[in-house]
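Read the structure below first, then the notes.
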Amino acid sequence: MVLRDDLLVLCGLSCPYCGRPTMLVDDAEIYGRSYGTKSYMCKPCRAWVGCHKGTTKALGRIANKELRQLKHQAHGSFDPIWQKGHVSRSEAYEILSIALGLPIWQTHIGMFDETMCRRVIEVSNIILKYVKKQWPNKLSVADSFLLNVLPES
Ligand SMILES: [Zn+2]
């Protein structure tokens, strides 16, 4: 499986809702004051995404209100897997890429649409239970996760 959206959408340069190019704006445009970062925005669709600090490289696709909330929830479900020290951050994303059947370069919550964010929320609980149980043994987490835990879908 790969994300079907084109690269311009995944990189925040094109609006997935109306198809128009996005605009690079100062974050003051969105939050009313500047935090020193830039964002890409589609004003008519009220959708935006921030950039990596000090760059004009977007964190992912631009998101409307619904998707911003879902991305927030997806991080809330997924981030504890690595924040609690069960596995490293890169290991956690490796497991997520296997669980979702996505290439690692596309395994970024910032690139995900509503459906993919909901899947992250679903699989994160399974992953978290798994790494809690397995990680003390330092088994090959990603491989055995695929073999042992993930239900057939
Ligand atoms: Zn738009």
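Does segment 95-109 contain any residue that is farther than 15 Å from V2 by Cα and part of a helix (DSSP H, G or I)? Yes; the residues of segment 95-109 include at least one that is farther than 15 Å from V2 by Cα and part of a helix (DSSP H, G or I). Taken over segment 19-53, the residue count meeting the criterion of being surrounded by 12 or more Cβ atoms within 10 Å (Cβ to Cβ), part of a loop (DSSP other than H, G, I, E, B) and within 15 Å of the ligand (Cβ to nearest atom) is 5.
How many residues are among the small types (G, A, S) and crowded, with 16+ Cβ neighbours inside 10 Å if we restrict to segment 80-131? Talk me through it step by step, then tell me what you get.
Initial filter on segment 80-131 (among the small types (G, A, S)): 85, 88, 90, 92, 97, 99, 101, 110, 124.
Subset that is crowded, with 16+ Cβ neighbours inside 10 Å: 92, 97, 99, 110, 124.
Number of matching residues: 5.
Only a single item in (1) modelled with pLDDT of 95 or more; (2) under 16 Å from the mean Cα position of the chain (by Cα); (3) within 16 Å of the ligand (Cβ to nearest atom); (4) not polar (S, T, N, Q) is not met by D5, and it is number (1). Mind checking which residues of segment 8-18 are within 11 Å of the ligand (Cβ to nearest atom), without any contact (Cβ under 8 Å) to a residue 60 or more places away in the chain and surrounded by 14 or more Cβ atoms within 10 Å (Cβ to Cβ)? Selection gives V9, S14, C15, Y17. As a summary of the residue check, A74 satisfies the conditions (1) among the small types (G, A, S); (2) within 24 Å of A99 (Cα to Cα); (3) in a loop (DSSP other than H, G, I, E, B) except for the one numbered (3). Filtered by the rule that a residue be touching a residue at least 24 places away in the same chain (Cβ under 8 Å) and among the basic types (K, R), segment 19-48 gives a lone residue, R20. Across segment 58-72, the number of residues qualifying as in contact (Cβ under 8 Å) with a residue 12 or more places away in the chain and surrounded by fewer than 16 Cβ atoms within 10 Å (Cβ to Cβ) comes to 2.
The values are calculated or read from the model by the stated rules, or taken from the named source; none is laboratory data. The structure displayed is predicted, hence computed values, not measured ones. No Cβ is skipped: glycine too gets one built from the backbone with ideal geometry, and neighbour counts run over all protein chains shown.
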